[in-house]
Amino acid sequence: MEHHPAVLRNSPPPPPPPEPLPGGCQISCANCDEVHTVSRSVSEFVCFGCGLVQAIGRADEVSSGDVELTHPLPPEESDEGTFHDVKFSKHSSQQEDVTCPPPPREVKEGFSGAPKLSNPPPPTEDVNEVAIEVEREEDSGGVAGETFTDYRPPKLSVGPPHPDPIVETSSLSAVQPPEPTYDLRIRGDLERTEALSCLQIETLVYASQKHLQRLPDSTRAGFFLGDGAGVGKGRTIAGLILENWQYGRKKALWISVGSDLKFDARRDLDDVGAKFIEVHALNKLPYSKLDSKAVGVKEGVIFLTYSSLIASSEQGRSRLKQLVQWCGKDYDGLIVFDECHKAKNLVPEAGQRPTRTGETVLEIQALLPEARVVYCSATGASEPRNMGYMIRLGLWGTGTSFLDFPDFIGSLEKGGVGALELVAMDLKARGMYLCRTLSYKGAEFDVVEVPLEDKMMVMYNRAAEFWVYLKEKLESEIALLTTKMPKNSQLWLLYWGNHQRFFKHMCMSAKVPAVVKICHQALAEDKCVVIGLQSTGEARTEDAVAKSVNGIELDDFISGPRELLLKFIEESYPLPEKPASSSGEDGVKELQRKRRSVTTGVSYTERTRKAAKLQDESDTESETDSESESMESDDEFQISEISDSEPESTESDDGFHESMESNNGFHICEICNSDTESDKLLQCSRCKQVMHPACLVPPVTGSVSADWSCLLCEGKAEEYLRQKRKSIAQQLERYSKAAERKSQILDAVRSLDLPLNPLDDILDQLGGPDKVAEITGRRHRLIRERDGNGVRYQPRNSKDVSMEMVNINEKQLFMDGKKLVAIISEAGSAGVSLQADKRAINQRRRVHLTIELPWSADRAIQQFGRTHRSNQASAPEYRLLFSKLGGERRFASIIAKRLESLGALTQGDRRAGPSLRAYNYDSPYGKRALAEFYDRIVNQSSLLDIPPGFSIEKPNTIEEFIIKGKAALASVGLVKDNSYVDDKDIHNVARFLNRLLGLQPEMQNLLFEFFVSILDLFVQNARLEGQFDSGIADLKANTIKLKGLPKNVHVDHLSGASTVLYTFTLDRGFTWEAASTLLDEKKKDMIGSSRIGFYESRREWQGRRHYLLAFQGSSGMFRIVRPATGEAVREMPLLELEEKYSKLKSLKKARTCWENEFRVSSKQCMHGPNCKLGDYCTTGRRLQEVNVLSGLILPVWATIEKTLANQVRKSHRRLRIVRVETTTDHQRIVGLLIPNAVVNSMLKDLVRGQDINDSLALEDK
């Protein structure tokens, strides 16, 4: 077992260090790896290769050959070997216990336990520390600009404008699609009817055009439609079906998420003038041939769900084979994967299995290589690994830069947050991807933290105590079992799964009062409300109704958390096996009956194994929600039990022994009736019965002779039965006591005060079904009786409405204004439009409440799209509700992570949730912060940062917090044996936040705030070091001009798109006039601030000092402006500002010095005229050239990656994605930033690669 890296036990010693020169020790530079010999008496050194100043451990702390770097590089940037945050120098000597050093941070003086760090001596005169500082600022990239820009088709002007404002990510808007060459056959009809807007017609043209092309592996190219929810993808698909119909392709497959959407498909086809095209719901059709006389489906659209796609009949006939047979092997019609994110888990996270849906989507594409594939989803690729099923995009494999999908994923992960945007740009440039979304202009977003009411606080505390109590009881019960259970048994998987669901219910219930209050307020303001949640609690309700003595009538609504807990204990509480009683004459007869009926053939396990070989397909229809697929077995068959009425065995002894010695020998013990391998059983030489040696009374130990016989055959049946009765009595006593303990725990659960099912509670408080439209997946619900006494369990539909149409009917009642509140779940609302439609009666503004965040941001974005769609009278108000519990932020973390990083491919409109970014804890920095957190709590390392709410004047309270925090983490299974954290948990932020929910609110919030404070320090340090990855950054300057003509460095033979190298000239300077004006403005805004003003560096370099303007930024930080480079991206701490710079009192001197540096910086860098890099160095230079590689990037990705990897400077090895906009003609370019020193070698490598590709293309021809 590996433990937390803060205490490394029995770690292998590092290799011995090389022998240093006399009087010194050897150390390598953290930047360029050049090895230096330095004196043991110094505390820092300067690399003569790159000029970087670096601190080392104090001379009295290191021995010869043992030197440790302490800065300037953070752990992940060092070239040295690292293990989490523990740094080992390449030349370190052997050490036994190594403690994890804290991240660089300000040391709080006076706190006991904080090490005293001596200030290092100032850098030597020939090292320009300001130049290093500026270089770090430049490496960090530019500022993030506007995320979205207005959209209109750039190369088509057919059709009316879209009814609502449409936007596109600014990175995508910098890429032009190829020239449209496809001529639509239905163009005339569309222009006459105006059924489709110009951007929908644009999709038809590019999708049809791409379907005429082939990928390098000879399959037909596909198209990816990534338009956001509400843009009108359904009608666009209908237009594609109609266009293909005109070419005689009269069969189409439309695969979506819900069978109700079949009615929307019918509506969309009618709207585009295709009423003559029939839509056949596959779930209503038999499993026989679709084009047979009995079924009669010769042409039209087969509409099916992803669940139907993976379904099979009881006779083993699969829907997949049925569809392939209907299409035919040469099928060249449409396959539309609508809401294709359902297939995203084809390549899941480590430790998980691919879903059957993902595998089947991949299989049908392979079986129909000529099909015209369209991937259609607003959240089609939430992460690069979720694109595994999109094989028709030609991003990896034959003829690409990536050997296979894992190679593609690995390269993108190196590119950071912006790499996925590059993929989107690449696809758009090839004409196989379009992605637009409704503008969120007018929409409002608010994150509402709901405080826990006193009653809920008491409930939560008692519930948390009970789960700890239950854990202890389960552990003690397992210890009493004679058969030991492994630590990672199914019991603990169920325990923690139910633990998470239980407290998720509690968090939802805590928000019910706030939901009701907001609803009443919105209705009073003449608005209507949509409440979004994920789960309905129907399964728990069914369990409670089934156990009710009054049938369908109950006293009150059920408590979801209580029913969940009761079900878990009833079904999973570990009990000893209850023995079957056997006594007197009945016992003798039972033994005799067993003796006569014994079969020495194959056991049940072996028989079912043989049966399995005969059945290779499923025996039952499995059209269920495929979200549960991740829990299903990989087996594609079910085992049917062989009849018990088999003929008695007449096998000879030899036959039996042959069976016993076979590879598949399983037999049944005649005493305990369990299956066991044959070689672990004893066989009576007389009656031929087999049994475990331990089941005999007394047990048989050691080896036995070949003529061994059982007690019955030896005439000792009475003694045997007496011993067996005694054994049964003991087992019954153990069982009864355990059952009594289980009953006491169940009684304790029933006595707990727990909240009601949130859905039922909200529905009831807002007026019941007459006032609230419920659009969910449940079929029954509890409704309060009209007299107010008790509740009744009844179907959701009425006599006039079928169950299949109940959600459609509820939606219409809401859109007609007959019900002004709608509650939606994912299962019931997929594809449903609830916006303030101008065609609907109810045009009130929607207030969309999200009280239960979905498990993925994909679903959150889908749910947002229910109320924000085309043709709306007003944009919605979004309110995301969280209880003030640290643990619940885990769910917000998932959403924030996706909204922040999905970019163009997922329509995670980052303006849709700006405040959610503060909740992104499951990030690389969050993982490092969690490891640091465990080190502080578990190993009680020195606290260089004080937990929020505590004071350094009271160290005893901090120590008490650490002790209690450690105990709390142990109670939820994160700390093992009160001493260590499992290696798999050290960086698992999701599990940490999950388990945190099970603590009492006060403790979980204290621990959470401590974790966040550490995370904030990591992020702050990353920003200070210029290592924070903010995705695509805007390069800003006063003037940006394109230098010369762009160079085409690569051409894609399939699409004709090219890779282009742009060179820009930037003037980044900040004139004295602009600086003095800015100073006057800041002084007006910040009256009384004495630190605002001009500063000069305290030290000189080559007779020069450097100057800046500083004004207050965020808390404790200062924004800085330099004459040569303008405003810096990073902010400077006050301590650093006052340490390195002194404020100028004379404005006249400030002007002279500012203008002088402004003038000198136009021709030389900050290193001076003797800089080793010469003209290639741009550090601090006002006028500089910037090279950006744009256009098609993926075909040359491998070449660029290899070229950059060979560079000496670390800043030149990074893949940085930037956006540049010229100040003259506002031309916007997005691409890879190529350092000046790299351009020539990159061009040579690209030319070499192009020549190879051209020769291969000629060979193919």
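So which of LYS471/LYS547; LYS471/LYS742; LYS547/LYS811; LYS1084/LYS1145 end up more than 23 Å apart by C-alpha?
The answer is LYS471/LYS547; LYS547/LYS811.
Using only Cα atoms, what Kirkwood radius does the range 209-357 have, in angstroms?
16.6 Å
In whole percent, how big is the carbon plus sulfur part of the accessible area of the range 1100-1224, probe 1.4 Å, protein atoms only?
The computed percentage sits at 50.
Straight-line reach from LYS688: which lysines fall under 25 Å, measuring Cα to Cα and dropping same-chain residues less than 8 apart?
LYS589, LYS594, LYS610, LYS680, LYS716, LYS724
What whole-number value in Å² describes the accessible area per residue of the range 470-574 for a 1.4 Å probe?
With all protein chains present, the range 470-574 gives 44 Å² per residue.
Show which lysines lie in cross-link reach of LYS155 when reach means a straight Cα distance below 24 angstrom and same-chain residues fewer than eight apart are skipped.
LYS210, LYS233, LYS428, LYS1047
Provide SER829, SER736 ordered by accessible surface of protein heavy atoms (probe 1.4 Å), highest first.
SER736, SER829
How do 510-518, 1168-1176 rank on mean C-beta neighbours within 10 Å, highest first?
Highest to lowest by the protection proxy: 510-518, 1168-1176.
Pairs of alpha-carbon atoms within less than 8 angstrom and 6+ residues apart define the contacts here; what relative contact order does the range 361-511 have, in percent?
Once divided by the residue count of the range 361-511, the mean separation gives 13 percent.
Just the accessible area per residue of the range 970-1025, please: how many Å² with a 1.4 Å probe?
Accessible area per residue, the range 970-1025: 33 Å².
Are any of the pairs LYS517/LYS964; LYS250/LYS329; LYS884/LYS1082 more than 26 Å apart by Cα-Cα distance, and if so, which?
LYS517/LYS964; LYS884/LYS1082
Suppose all protein chains stay in the model; what accessible area per residue would a 1.4 Å probe give for the range 236-324, in Å²?
40 Å²
Whole percent per 10 Å bin, from 0 to the bin with the longest distance: what is P(r) over all C-alpha pairs of the range 744-827?
Taking all Cα pairs of the range 744-827, the binned fractions are 15, 44, 27, 10, 4, 0 percent.
The values are calculated or read from the model by the stated rules, or taken from the named source; none is laboratory data. From a predicted model like this one, the values you see are computed outputs, not experimental measurements. Cβ sites come from the backbone with ideal geometry, for glycine too, and all protein chains shown count toward neighbours. Accessible surface areas use protein heavy atoms only, side chains included; no ligands, DNA or RNA. Shrake-Rupley method; radii C 1.70, N 1.55, O 1.52, S 1.80 Å.
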